[in-house]
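Engineer: Take a look at the following structure, please.
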Amino acid sequence: MEPRALMPDHLRLVALFGIVAVNVQFMAYPPSLGFAAAPAGAAADDLVNWAVNGLALFKSYGLFSFMFGVGLAFQIRSAERRALPFGTLYRNRMVGLALLGALHGVLFFPGDILLLYAVLGGLLYRCRNWPVARLVRVGAILLACQVALAIPLLLLAPQPDPEIFALERAIMTGGTWPEVVIYRTISFAIVFPILLMLQGFAALGWFCLGLAAVRSGLIDDPRHPAWARARQLCLWPGVLLSLTGAALWQWGDARLGEAIVVLAAPIATLGYLGLIAAMPAGSGPVMAALRGVGASSLSIYLGQSILLSTIFAPYGAGLWGAVGAVQATGIALAATLVLLLALMAWRRVFALGPFEWILRRITEHGMPRR
């Protein structure tokens, strides 16, 4: 058996903490404002908002999207090894991902990305046999197209309606569970096409680059010079540009700052990939368990939303709009640690995380047992 590539597991763990730091603001406050709607508090709250926007916003989604492309290549390898029809498996997997995403968006978090991935995954399937050079070229073009599309959309976006804010606050601070679900369902229907415009080209671009990373052998070789070049050429320029944009967003021209953050995101993400490739393999049972949990990223991603949406909802702890950015981010990171520990215990008994098991059952529906 080939040794397991460790970079994907490290990448998932980094992305999981980054994505929850981003997503919590859209669960704890009005999604159109995020941390900007948090109660006025200490300077630490402003610093957290700046750091999350500068270090994680759009980059965590990029890392997850890159991993989706990596996952496609691994699925092709697995299907070939088991002599199973990959087309049927992949179709079933996208159907399962779409079902989980739709339920996730309606019941817990309207900012779900799983349905988006299922839709774009159908396009990626048609690219699965492209040569590496073509995948890289198309991926880079798609990332550039996303920047070109997203910046004017953000600059020209209308101001939110105060009446909608008032209705949203009434539901999220005093509504019943059915009222909250109806609100999330409507929000999901509105947010999904917006996400498709703001993230769709970039997600598909990262899909292509992730697939290329496996096809070229990069994902199995963290010492490859390409990762070192990514660290040297992209990490500091991308992060510094993004932090500068986030500072403008926080304390200056908000729309210009947001546009700079969007522009810097692909550069910083490439730098992050180079940095993750340099992470030491580590040893011992704790690191092995953490890497195993990294392979259960779907369960952690959905678990984050289930826990946090309940904590902030009126049928849970009722903290929506009531805590500052520091507290909200602390709750999100603590919830992720709890999930990691729970999944570590779970994986000592079961081979797959709970939602990975559900997705595999859907994926392998009708397949012969082997």
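Engineer: Hey, among GLY205, GLY200, which residue is under 22 Å from the mean Cα position of the chain (by Cα), of a type in the set (Gly, Ala, Ser), assigned to a helix (DSSP H, G or I) and modelled with pLDDT under 95?
Structural biologist: Result: GLY200 is the single residue among GLY205, GLY200 that is under 22 Å from the mean Cα position of the chain (by Cα), of a type in the set (Gly, Ala, Ser), assigned to a helix (DSSP H, G or I) and modelled with pLDDT under 95.
Engineer: To continue, here is another question. Test PHE74 against the criterion of being out of contact with any strand residue (DSSP E or B) (no Cβ under 7 Å at 6 or more places or on another chain), over 19 Å from SER242 (Cα atoms), buried (at least 20 other Cβ atoms within 10 Å of the Cβ) and not basic (Lys, Arg), and give yes or no.
Structural biologist: Taking the combined requirement at face value, the residue does not satisfy it.
Engineer: Can you tell which of LEU270, LEU243 is modelled with pLDDT of 95 or more, closer than 19 Å to VAL14 by Cα and in contact with a Cys (Cβ under 6 Å, 6 or more places away or on another chain)?
Structural biologist: The conditions single out LEU270.
Engineer: Can VAL95 be described as under 17 Å from ILE358 (Cα atoms), of a type in the set (Val, Ile, Thr) and surrounded by fewer than 21 Cβ atoms within 10 Å (Cβ to Cβ)?
Structural biologist: Yes, satisfied.
Engineer: Scan (1) more than 30 Å from ILE331 (Cβ to Cβ); (2) over 18 Å from the mean Cα position of the chain (by Cα) for the single condition GLY69 breaks and write down its number.
Structural biologist: (2)
Engineer: Further question on the same structure: Going by the conditions given, is LEU196 in contact (Cβ under 8 Å) with a residue 60 or more places away in the chain and touching a Phe, Trp or Tyr at 6+ places or on another chain (Cβ under 7 Å)?
Structural biologist: Here the answer is no, as LEU196 does not meet what is asked.
Engineer: Can you tell me which residues in region 9-21 are β-branched (Val, Ile, Thr) and either over 14 Å from TYR301 (Cα atoms) or surrounded by fewer than 22 Cβ atoms within 10 Å (Cβ to Cβ) (or both)?
Structural biologist: VAL14
Conditions (1) part of a helix (DSSP H, G or I); (2) closer than 29 Å to VAL261 by Cα; (3) among the hydrophobic types (A, V, I, L, M, F, W, C), marked per residue:
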position: PHE64; (1), (2), (3): yes, yes, yes
position: GLN75; (1), (2), (3): yes, no, no
position: GLU80; (1), (2), (3): yes, no, no
position: LEU103; (1), (2), (3): yes, no, yes
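Engineer: Oh, and also: Are any of the residues in region 48-63 in contact with a helix residue (DSSP H, G or I) (Cβ under 7 Å, 6 or more places away or on another chain) and surrounded by fewer than 18 Cβ atoms within 10 Å (Cβ to Cβ)?
Structural biologist: There is no residue in region 48-63 that is in contact with a helix residue (DSSP H, G or I) (Cβ under 7 Å, 6 or more places away or on another chain) and surrounded by fewer than 18 Cβ atoms within 10 Å (Cβ to Cβ).
Engineer: Related question: Is it the case that some residue within region 28-38 is polar (S, T, N, Q), assigned to a helix (DSSP H, G or I), within 30 Å of ILE182 (Cβ to Cβ) and in contact (Cβ under 8 Å) with a residue 24 or more places away in the chain?
Structural biologist: Within region 28-38, none of the residues are polar (S, T, N, Q), assigned to a helix (DSSP H, G or I), within 30 Å of ILE182 (Cβ to Cβ) and in contact (Cβ under 8 Å) with a residue 24 or more places away in the chain.
Engineer: In region 310-330, how many residues are part of a helix (DSSP H, G or I), touching a helix residue (DSSP H, G or I) at 6+ places or on another chain (Cβ under 8 Å) and of a type in the set (Gly, Ala, Ser)?
Structural biologist: Number satisfying all stated conditions: 2.
Engineer: With the requirement that a residue be in contact (Cβ under 8 Å) with a residue 40 or more places away in the chain and either small (Gly, Ala, Ser) or out of contact with any Ser or Thr (no Cβ under 6 Å at 6 or more places or on another chain) (or both), what does region 132-143 give you?
Structural biologist: LEU135, VAL136, VAL138, GLY139, ALA140, ILE141, LEU142, LEU143, listed by residue number.
Engineer: Just checking, does region 266-276 include any residue being at negative phi and touching a His at 6+ places or on another chain (Cβ under 6 Å)?
Structural biologist: yes
Engineer: Filter region 149-169 for residues that are surrounded by 13 or more Cβ atoms within 10 Å (Cβ to Cβ) and either farther than 30 Å from PRO314 by Cα or touching a strand residue (DSSP E or B) at 6+ places or on another chain (Cβ under 7 Å) (or both) and give the result.
Structural biologist: LEU149, ALA150, ILE151, LEU153, LEU154
Engineer: May I pose another question? Within region 319-363, how many residues turn out to be exposed (fewer than 15 other Cβ atoms within 10 Å of the Cβ) and of a type in the set (Val, Ile, Thr)?
Structural biologist: The number of residues fulfilling the criteria is 2.
Engineer: Working carefully through the options LEU333, LEU307, LEU340, find the one that is in a helix (DSSP H, G or I), within 17 Å of HIS104 (Cα to Cα) and among the aliphatic types (A, V, I, L, M).
Structural biologist: LEU307
Engineer: Right, next: Which of the numbered conditions does GLY87 fail, given that it passes all the others? Conditions: (1) closer than 27 Å to GLY321 by Cα; (2) assigned to a helix (DSSP H, G or I); (3) over 19 Å from the mean Cα position of the chain (by Cα); (4) not β-branched (Val, Ile, Thr).
Structural biologist: Condition (1) is where GLY87 drops out.
Engineer: Residue under question is LEU135, and the condition is that it be in contact with a Leu (Cβ under 8 Å, 6 or more places away or on another chain) and not in a loop (DSSP other than H, G, I, E, B); does it hold?
Structural biologist: Yes, satisfied.
The values are calculated or read from the model by the stated rules, or taken from the named source; none is laboratory data. Model, not experiment: these values are computed from the prediction. So basically every Cβ, Gly included, is an ideal-geometry build from the backbone, and we count neighbours across all protein chains shown.
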